[in-house]
Structure formats: C-alpha cells, structure tokens
Amino acid sequence: MTAWTWRYETADGTAVEPATDASMTAVAQSFPNQSDAETWIGEIWQDLLDEGIDAVTLFEDDRLVYGPMSLHPPT
C-alpha cells in the first residue's frame, strides 16, 4: 500500500521532526492517496505556519512528488 506523507521544513529547508504531542498539528501522518494529503494540507496550513513550519514537501513512499511548497501567503 502506498503512503503519502508531508515533510515539514523551516525557511532554510531544514526538515522538522513531526511532533509526538497530539495537540500539535505537525504530527507524523500518512494518507492513502495524494488527494487526501492535499486536502489535509489545504485545511491546516495556517496551523502549521503558526507552529513554525514554513514549507512542506509531499512524498509518495520515498519518492519526492513536489516541494518544498511555502506555507506563507504571497506578498
């Protein structure tokens, strides 16, 4: 079964380890398909940004799909 996951990153591209605290949004999570992963990120991107995550990268298993994608609104 394929797993779709997001890698959380700081502005300089450093990967941020997902939280183990369930009260945080940036938790380790996998999705059954790309659509579910993208819907989730679309719903919680502001929470991630508030927690110090600047960008995300999408993976299908170990394959880079796209990213890093900034969570900051365009200026």
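Throughout, read-outs are computed from the coordinates displayed, never taken from laboratory work. Since the model is a prediction, treat every value here as computed from it, not as a measurement. Please note: Cβ atoms are built from the backbone with ideal geometry, for glycine as well, and neighbour counts cover all protein chains shown.
Might you report the magnitude of the Cβ-based charge dipole of the chain about its Cα centre, with Lys and Arg at +1 and Asp and Glu at -1, to the nearest 20 debye? Before the final figure, lay out the partial values.
Details: 2 positive and 14 negative charges, 33 e Å.
The calculation lands at about 160 debye.
For the pair Tyr66 and Asn33, what calculated FRET efficiency results from E = 1/(1 + (r/R0)^6), where r is the Cβ-Cβ distance and R0 = 22 Å, to the nearest 0.05?
Numbers: r = 15 Å, r/R0 = 0.68.
Here the calculated transfer efficiency is 0.90.
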Tilt relative to the chain, helix 34-50 - C-alpha long axis, 0 to 90 degrees, to 10: 20
Label-point separation, Leu49 to Thr14 (7 Å along Cα→Cβ), nm: 2.2
